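Below is one structure; the comments refer to it alone.
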2 protein chains.
Amino acid sequence: MQSQEIIILFLSLATLLFFSRLLGEIAKRYHQPAVIGEIMAGILLGPTFLGTWLPFLENFLFPTTGNNSLVLNSITTIGASLFLLIAGMELDLATVFRQGKTAIGIGISGLIMPFLVGFILAWSFPDFLGIQAGGDKRIFALFFATVLSISALPVIAKTLMDLGIYRTDTGMMIIACAVFDDILGWIIFALILSLAGKDQAAHFPILYTILMFFAFTIFMLTVGRYYIHKILPWLKAHFTWPSGVLSFILVVALFCSAFTEWIGIHAIFGAFVAGVAIGDSHHLREHTRTIIHEFVSSFFTPLFFGSIGLGIHFLKNFDLLLTVVITAIAFLGKISGCLMGGKAFKLTSSESWALAFAMNARGAMAIILALVALQMNLINETLFVSLLIMSILTSMMSGPGMQKVLHLSKKQRFTSYLSSKHFISSLKANNLSQAIEELANTFAFFTPEERKKIVEESIGREETMPTGLENGVAIPHVRVSGLSKPVIAVGKSEIGIDFNSPDGELSHLIFLILTPKHEMQSQLEIIADIAKTLESKESIHRTLQSLNFTEFLAAIKTAKANG
Amino acid sequence: MQSQEIIILFLSLATLLFFSRLLGEIAKRYHQPAVIGEIMAGILLGPTFLGTWLPFLENFLFPTTGNNSLVLNSITTIGASLFLLIAGMELDLATVFRQGKTAIGIGISGLIMPFLVGFILAWSFPDFLGIQAGGDKRIFALFFATVLSISALPVIAKTLMDLGIYRTDTGMMIIACAVFDDILGWIIFALILSLAGKDQAAHFPILYTILMFFAFTIFMLTVGRYYIHKILPWLKAHFTWPSGVLSFILVVALFCSAFTEWIGIHAIFGAFVAGVAIGDSHHLREHTRTIIHEFVSSFFTPLFFGSIGLGIHFLKNFDLLLTVVITAIAFLGKISGCLMGGKAFKLTSSESWALAFAMNARGAMAIILALVALQMNLINETLFVSLLIMSILTSMMSGPGMQKVLHLSKKQRFTSYLSSKHFISSLKANNLSQAIEELANTFAFFTPEERKKIVEESIGREETMPTGLENGVAIPHVRVSGLSKPVIAVGKSEIGIDFNSPDGELSHLIFLILTPKHEMQSQLEIIADIAKTLESKESIHRTLQSLNFTEFLAAIKTAKANG
């Protein structure tokens, strides 16, 4: 690589990573899975926006041809595999096996409906949908049907992780369905490619591909899993730890990726299966999982999802009618199929809907399929963009949809009730009453009388039921009528205040917790949360060292980690 | 990328990573820094060996032209930057500043000697050394002098880390010298390139490059460091942790890499300076450091060092006389220069020699320089290979040399005295005497009489001074005359044995420790090591669950990590 290309490589990676992570965090703030923000970052930085406003900059950072394009592409390909590796590592094999029959049943049902609808439609209106002039109607219809019916395992896995339900029973059931659908989808796609007779890359007839993939999966989940389980303690005993185990995991994932790509199924499946086989071993320590999970999700995953929107102009080839029609069909086909399957397999209504919303996400899979089809001249640009938008819309609906039907009103951490306005870095108070009053005075939205009442009630309660915890934390708390949501004031006292703690120590960190009168639950939850967060002396010590509210919040949010 | 290229990409990464890590671990076993094994892996897999035995395989996995070569190159370029990032993050700025004057003084002395020797030699015998026909003697001599005088910061940092002395005063002093030398070396090299008038990539006159690099370094270590320190708590407070901080570190490192590459200094310096600025903040938690350190050293670092040997045929262009001469000059020049500098700045003799051996490592830096010179037709292939071999030899000598002069007889962990022969997975013993006897019986190299004496002495000592520790561990220990090194037998007892532990619990994990009679120290060290390793109930519990010796050793070696 030339020096100029190296500069662009580093700049493009830095820019893409920065915006992907930033928008990902913003998406999270608005209760969307981070992946939506990451995809949005790519659209922002790609031809659609940056390319329109500052075309030279977009072309400089993210050229569509040449060495830099190739390298960025390769890195995101590796990123996709590593993301599927960590998704695989978190898969609970026992649960998936338990869901096996259901997964296959629902998977087929969720696949057949959109497939049929898509096929009939494409067969009937190929020109409207965007077949390339002179294209084979049969192949076009098959492709269109497949792209409507595929599910996007990476997006689904990410959404479930972002929502915090990946490891639940529902999460595993959804993943089992998605794995099944995705594999079937890719096999059908491989079949189409071999029918089209244009697949230069095919090394084997389609039947071989299918057989080899099943043989590979079964091998990895039996023999492979057994030997991985045997090798892990050996590596821990004789190699540097954890880097020995980490390298081993990466080597296995890379080899498996190469293998599945070779037999004609996408590379990511190899990494996924490898991840499942590795993650199942109880010899894999949480410490090792954390390292690989955190690094991949802070580097490779955002680069991969961010890269999807690059190199695509969303507005230029945009056809509203076509996009609406395709999105509607995609929605109806997939959701009705999944609901029917869910009903047949006796899922609850909310489970069925959650499954339907999840499986509806087409994400990167449909985009990769569409890209290959575009490159092979099966479809035109306008259909391509419609499919892309459909993929993003279905992916965007997926998280909020699941959140709604599963009533995932994510439990609020007590940190969300903290604010710099109610933070006192150094309390002046010399005793309990003064401390409570000083903290209560930060609640400017109460009238002085209301504040007085709160202070009196709180002090009164302390006499009968002291709120000093161990290691210098105190949590005076009052339920207040007319309050719509909890508020917490925090103060640090250098001299320490006597809150009658069980270990006899003075309290240096004092939380004054006000919760709505009618909500019994929220008070208990906040108290339990604070106690659990500030469990260790070390984390309390770090919290007390904070110089301002940001540092205080940082210390609280990272309290659970060691070192 | 074509499917075929994707397959090769994954295969080549997997193969390179596998062999780099494997040979790296083997090198460690023989008390060499891992980096030597990693470089060896590349030579094995490159044209020198694999390319000679199985040329089609080498050409398939590691082609020297085309897309795959380009992508692998780019990934290892990123790997080099990320490696320098973690090296920078571990740098203790205060120590380096303390060493500042010494570092500059010794750095100049260690640079001038080999530079002068190299320049005079190349000026006098350009044809013998391998100037390209018709080349400019002046430029050739300058280049040759530079390549002899440069130090390889990455190799030096890695060697110091591998030896476990990176964070010591000596380590930091060596790093400070290496940083200074490396920067100066690159500036001189940039000067040569601009003299040669062939540097397509130069964006600025050489003076600008120097000024901008100093401005950048000063900016990053003052303003940059200040804002990073401010931003870290904000990220922890408002972003997902630790992935928010991890992404931030990576983004900063990538941008800085792009910047230094842009101003004409190698990209790795930007990452290094970024690492120094970030690593200095006490808001950076150990947990975050661990994640980035472990992932980079188990993926990016071995790929980078492994890749050096690829694409180079070491034997074909080998000229023994030239290699010996160049290596000798390199050794003599650098080592005498550093020793003189060390003397002038009043280092101890062993420190001076350690510094000399460390700075003598030319590693990747000289190789990169030589590669550029070869590509620009400044030197011929034979000189290139000689410089490569010199780089590797000087790097290989670096670790053992330092080890020897610093008397780094790495403290033996007690685990090195464990063996499957002296491991009893399930003790049959019902009481203390039986347990000690059962364990002593695993020492087949003693005569029955000797064993009896050991058992009696051990039991006798238990009566006066019980060896039961808390949480179910017991450590009976005896000093034995005629023993040349410590031996430890371990047994797990399901029913538990009463070793009179302070918490009154029965002992389930029993270490019988025999040490040489004359070595007081080793017994104390082993006991302290065992007690420290098995500090937490959780790690003792995991150790007791092991089914065989490998699992037992694995549990012991990973005992210090949580989760």
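The values are calculated or read from the model by the stated rules, or taken from the named source; none is laboratory data. Being a predicted model, the structure only gives us computed values, none of them experimental. In this analysis, Cβ positions are derived from the backbone assuming ideal geometry, glycine residues included, and neighbour counts consider all displayed protein chains.
Worth pointing out:
- Whichever residue in segment A:60-105 is part of a loop (DSSP other than H, G, I, E, B) and more than 20 Å from the chain's Cα centre (by Cα) and, among such residues, is nearest to B:LEU70 (Cα to Cα): A:THR65
- Residue match in segment A:287-294 (condition: within 11 Å of another protein chain (Cβ to nearest Cβ), in contact (Cβ under 8 Å) with a residue 24 or more places away in the chain and not in a helix (DSSP H, G or I)): no
- Near pairs, Cβ below 6 angstrom, 6+ apart or cross-chain, from segment A:248-269 (surrounded by 24 or more Cβ atoms within 10 Å (Cβ to Cβ)) to any residue that is of a type in the set (Asp, Glu): A:ALA267/A:GLU261
- Scope segment A:308-349; condition within 21 Å of the chain's Cα centre (by Cα) and part of a helix (DSSP H, G or I); matching residues: A:ILE308
- Some residue of segment B:82-102 being among the aliphatic types (A, V, I, L, M), within 11 Å of chain A (Cβ to nearest Cβ) and under 24 Å from A:GLY270 (Cα atoms): no
- Among the residues of this structure, A:MET402 counts as one that is at pLDDT 85 or above and either surrounded by fewer than 18 Cβ atoms within 10 Å (Cβ to Cβ) or assigned to a helix (DSSP H, G or I) (or both).
- Qualifying residue in segment A:161-170 (condition: over 24 Å from the mean Cα position of the chain (by Cα) and either without any contact (Cβ under 8 Å) to a residue 60 or more places away in the chain or within 26 Å of A:PHE299 (Cα to Cα) (or both)): no
- Checked against the criterion of being over 26 Å from A:VAL276 (Cα atoms), in contact with an Asp or Glu (Cβ under 9 Å, 6 or more places away or on another chain) and crowded, with 21+ Cβ neighbours inside 10 Å, segment A:148-166 has no qualifying residue.
- Number of residues in segment A:216-234 that are surrounded by 19 or more Cβ atoms within 10 Å (Cβ to Cβ) and within 8 Å of another protein chain (Cβ to nearest Cβ): the value is 2.
- All of B:GLY88, B:GLY79, B:GLY51 fail the test of being small (Gly, Ala, Ser) and over 30 Å from B:SER281 (Cα atoms), apart from B:GLY51.
- Each residue in segment B:1-28 was checked for being among the basic types (Lys, Arg) and more than 9 Å from chain A (Cβ to nearest Cβ), and 0 of them qualify.
- Unique match (being surrounded by fewer than 14 Cβ atoms within 10 Å (Cβ to Cβ) and outside any loop (DSSP other than H, G, I, E, B)) among B:GLU437, B:GLU449, B:GLU457: B:GLU449
- A:LEU310 passes every criterion in (1) buried (at least 24 other Cβ atoms within 10 Å of the Cβ); (2) within 9 Å of another protein chain (Cβ to nearest Cβ); (3) touching a residue at least 12 places away in the same chain (Cβ under 8 Å) apart from (2).
- Residue check, A:LEU13 touching a residue at least 12 places away in the same chain (Cβ under 8 Å) and farther than 18 Å from A:HIS313 by Cα: yes
- Those residues of segment B:45-78 which are more than 12 Å from every other protein chain (Cβ to nearest Cβ) and surrounded by 20 or more Cβ atoms within 10 Å (Cβ to Cβ), in sequence order: B:LEU45, B:GLY46, B:PRO47, B:THR48, B:LEU50, B:GLY51, B:GLU58, B:PHE62
- Residue check, B:THR209 modelled with pLDDT under 85 and not hydrophobic (A, V, I, L, M, F, W, C): yes
- Tabulated pairs, segment B:440-456, first more than 16 Å from B:ILE513 (Cβ to Cβ), second acidic (Asp, Glu) and modelled with pLDDT of 90 or more, C-beta under 9 angstrom, 6+ apart or interchain: B:LYS452/B:GLU437
- Residue within segment A:301-309 that is within 13 Å of A:LEU85 (Cα to Cα) and of a type outside the set (Ser, Thr, Tyr) present: no
- Options B:ALA41, B:ALA27: the member that is part of a helix (DSSP H, G or I), modelled with pLDDT of 85 or more and in contact with a Phe, Trp or Tyr (Cβ under 7 Å, 6 or more places away or on another chain): B:ALA41
- Any chance B:SER69 is of a type in the set (S, T, N, Q) and either without any contact (Cβ under 8 Å) to a residue 60 or more places away in the chain or not assigned by TED's automatic domain parsing to the domain that holds B:PHE295 (or both): no
- Check on B:THR464, more than 36 Å from the chain's Cα centre (by Cα) and over 30 Å from B:ILE312 (Cα atoms): yes
- Filtering B:LEU509, B:LEU524, B:LEU534 for residues that are assigned by TED's automatic domain parsing to the domain that holds B:GLY460 and either surrounded by fewer than 19 Cβ atoms within 10 Å (Cβ to Cβ) or modelled with pLDDT under 85 (or both) leaves a single hit, B:LEU524.
- Each residue in segment A:262-286 was checked for being more than 10 Å from chain B (Cβ to nearest Cβ) and either under 23 Å from A:LEU388 (Cβ atoms) or among the aromatic types (Phe, Trp, Tyr) (or both), and 4 of them qualify.
- Residues that are facing another protein chain (nearest Cβ under 7 Å) and closer than 16 Å to A:LEU16 by Cβ, drawn from segment B:244-261: B:LEU246, B:SER247, B:LEU250, B:VAL251, B:LEU254, B:PHE255, B:SER257, B:ALA258
- Flag for A:ALA133 being at pLDDT below 85, farther than 30 Å from A:SER281 by Cα, out of contact with any strand residue (DSSP E or B) (no Cβ under 9 Å at 6 or more places or on another chain) and surrounded by fewer than 24 Cβ atoms within 10 Å (Cβ to Cβ): yes
- Checklist (1) at pLDDT below 90; (2) buried (at least 24 other Cβ atoms within 10 Å of the Cβ); (3) not hydroxyl-bearing (Ser, Thr, Tyr) applied to B:HIS282, failing item: (2)
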